[in-house]
Amino acid sequence: MEIKISSIKEKDKMIIKELKIEKLVYKGLGLGFENSNPVFVSNSVPGDVLDVQVISTRRQVSFAKIEEIIKSSPRRIEPDCEVFGKCGGCDWLNISYDDQLKYKQKIVEEIFQNIEIAKINKIIASGKEPYRNKSFFPVAKKDGKPITGMFESRSHNVVPHKKCSLQPPLFDDICEKVISYIEASKMQVYNERNHSGNIRHIGIRYAEKTNEIIVILVTRNRKIPFSRQLERILLEAYPNIVGIIQNINPEKTNVILGDDEKILFGRDFIYEQIGKIKLKLNYKSFFQVNTKQAEKMYEFVKQIVSEDSNVIDAFCGVGSIGLYFSGKAAKVIGLENNVKAVQNAKENAKLNKIDNCEFVAGYVETELPKILKNNEIDTIIFDPPRKGLEQKTIDNIPSDIKKIVYISCDPMTQVRDIKLMMEKGFIPKEMQPLDMFPHTYHIENIIILER
């Protein structure tokens, strides 16, 4: 009788033979089973049969990478990128966009499977065209020459690319011109290991509706050679560049932007438009990275907000969501800890001649109770960062709040917080996932809660 060996050790590598991928899970990994133990495999597709190399194992849970594709899934496609699988920018370029949407719908429904939600909507699609309106690209050295691109998955090795499917072609073209300038000017590239050199990142922010561009150079010190030459090169190619900013970050940190800055040309903000609302966006301010999807999301929230309601827009950024539905609400109070974003939000209210919105600078954890105490509020919109809400923020929601709109870019922390809100009497009424980040595992998700 022939005995099949499913796991073998080859030259100090643990190889699992002919692992079948059953499904995709959150974080974009494929899931297979070896002797009933889960094995998570990057860049795999449901239906694949693979030989995989185990990278790590803990408590009988293994993480692996593809060693060889024995049988391709019928849902696997050829990725339109020469560095897919190495670059950490995309997870699912090897899956058709229609299938990506189906997998995301399944994943988010599985995350919330133990919570009863009255209405679960179909995911709102983005489309197949490049969507990113902002990116920061690390700068490194390869063979003695400056390069830029994206970090390799789970590392800080920079992977250069010819064309990125996530962003407009102008991003790659501007980066190429800046790299040529760095090389010609002999500007020293930052080395994060020994904290030497100068140029750290190239940033680009683009307004889809107004066509305005800002270019950001993140440096370790204030020295930047031949900045006028860089200005000339960029403006000759892109007259719609409205600002070139030098951001100075002298710290030994993974945080991209520092506190100091110099305007080398123009201004430090762009104008964008969502629906009828014109927005002023500082290069540091948070704004949804997918402009078309942001408008669809804002329209959904607008339909949920009740007529003449008093709303807190927590984590409001530049005020875009609150301003978008302000014509329907009696009063909107935006709360945001980024001072420049709050300044932009106030300017955006004036810009659009909206007088029923006010904005407060401060942390949600400390300022929300004060606003609730001094105002009659019936609805709160939460749009927190990936880590979700602090426990005390949920604890401080008073009993007279009847509706919560919870927008999240991480359904795992969202489901944790929803369970805590349910303990305070809230009932999840509706769920609306959105594909804000095509070709990646990330899912934007909205939960409507009432009591």
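The values are calculated or read from the model by the stated rules, or taken from the named source; none is laboratory data. A quick note: this is a predicted structure, and the numbers were derived from the prediction, not measured. Methodologically, a virtual Cβ is constructed for each residue, glycine included, from the backbone with ideal geometry; neighbour enumeration extends over all protein chains shown.
Restricting to segment 295-335, name every residue that is within 25 Å of Lys209 (Cα to Cα), within 23 Å of the chain's Cα centre (by Cα) and not in a helix (DSSP H, G or I). Matches in segment 295-335: Asp313, Phe315, Cys316, Gly317, Val318, Gly319, Gly334. For segment 328-351, residues that are buried (at least 20 other Cβ atoms within 10 Å of the Cβ), in contact (Cβ under 8 Å) with a residue 60 or more places away in the chain and either among the acidic types (Asp, Glu) or farther than 19 Å from Val301 by Cβ (or both) total 1. Of all residues in segment 34-48, those being surrounded by fewer than 16 Cβ atoms within 10 Å (Cβ to Cβ) and assigned to a strand (DSSP E or B) number 2.
Of the residues making up segment 143-157, those that are closer than 13 Å to Cys175 by Cβ and over 19 Å from the mean Cα position of the chain (by Cα) are Pro146, Ile147, Thr148.
Yes or no, residue by residue, for (1) free of Cβ contacts under 8 Å to residues at least 24 places away in the same chain; (2) more than 24 Å from Gln288 (Cβ to Cβ):
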| residue | (1), (2) |
| --- | --- |
| Phe136 | no, no |
| Ala140 | no, yes |
| Phe151 | no, no |
| Val158 | yes, yes |
| Pro168 | no, no |
| Ile174 | no, no |
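Which number in (1) under 21 Å from the mean Cα position of the chain (by Cα); (2) more than 18 Å from Leu217 (Cβ to Cβ); (3) without any contact (Cβ under 8 Å) to a residue 12 or more places away in the chain marks the one condition that Arg193 misses? Every condition holds for Arg193 apart from (1). The residues of segment 179-207 that are within 20 Å of Ile245 (Cβ to Cβ) and part of a loop (DSSP other than H, G, I, E, B), listed by number, are Met187, Gln188, Tyr190, Gly197, Asn198, Ala207. For segment 55-70, the count of residues that are buried (at least 21 other Cβ atoms within 10 Å of the Cβ), outside the structural domain of Val108 (by TED's automatic domain parsing), of a type outside the set (A, V, I, L, M) and touching a residue at least 24 places away in the same chain (Cβ under 8 Å) is at least one. Restricting segment 143-155 to residues that are touching a Lys or Arg at 6+ places or on another chain (Cβ under 9 Å) and more than 23 Å from Ile245 (Cα to Cα), which is surrounded by the most Cβ atoms within 10 Å (Cβ to Cβ)? Selected residue: Ser153. For Ala140, which of the numbered conditions (1) surrounded by 18 or more Cβ atoms within 10 Å (Cβ to Cβ); (2) of a type in the set (Gly, Ala, Ser); (3) assigned to a loop (DSSP other than H, G, I, E, B) fails to hold? Going through the list (1) surrounded by 18 or more Cβ atoms within 10 Å (Cβ to Cβ); (2) of a type in the set (Gly, Ala, Ser); (3) assigned to a loop (DSSP other than H, G, I, E, B), Ala140 breaks only (3). Of all residues in segment 218-257, those satisfying the criterion of being closer than 11 Å to Arg200 by Cα, crowded, with 21+ Cβ neighbours inside 10 Å and in contact (Cβ under 8 Å) with a residue 40 or more places away in the chain are Val218, Asn247.
If only one of Val301, Val339, Val332, Val360 is of a type in the set (Val, Ile, Thr), in contact with a Ser or Thr (Cβ under 6 Å, 6 or more places away or on another chain) and not assigned by TED's automatic domain parsing to the domain that holds Pro168, which one is it?
Val332
If you go through segment 108-143 and pick out every residue that is under 22 Å from Tyr406 (Cβ atoms), hydrophobic (A, V, I, L, M, F, W, C) and touching a helix residue (DSSP H, G or I) at 6+ places or on another chain (Cβ under 8 Å), you end up with 8.
Name the residue, out of Phe382, Phe437, Phe426, that is more than 22 Å from Gly322 (Cβ to Cβ) and either in the same structural domain as Ser306 (by TED's automatic domain parsing) or among the β-branched types (Val, Ile, Thr) (or both). Only one candidate passes the filter, namely Phe437. The residues of segment 5-30 that are basic (Lys, Arg) and at pLDDT below 80, listed by number, are Lys9, Lys11.
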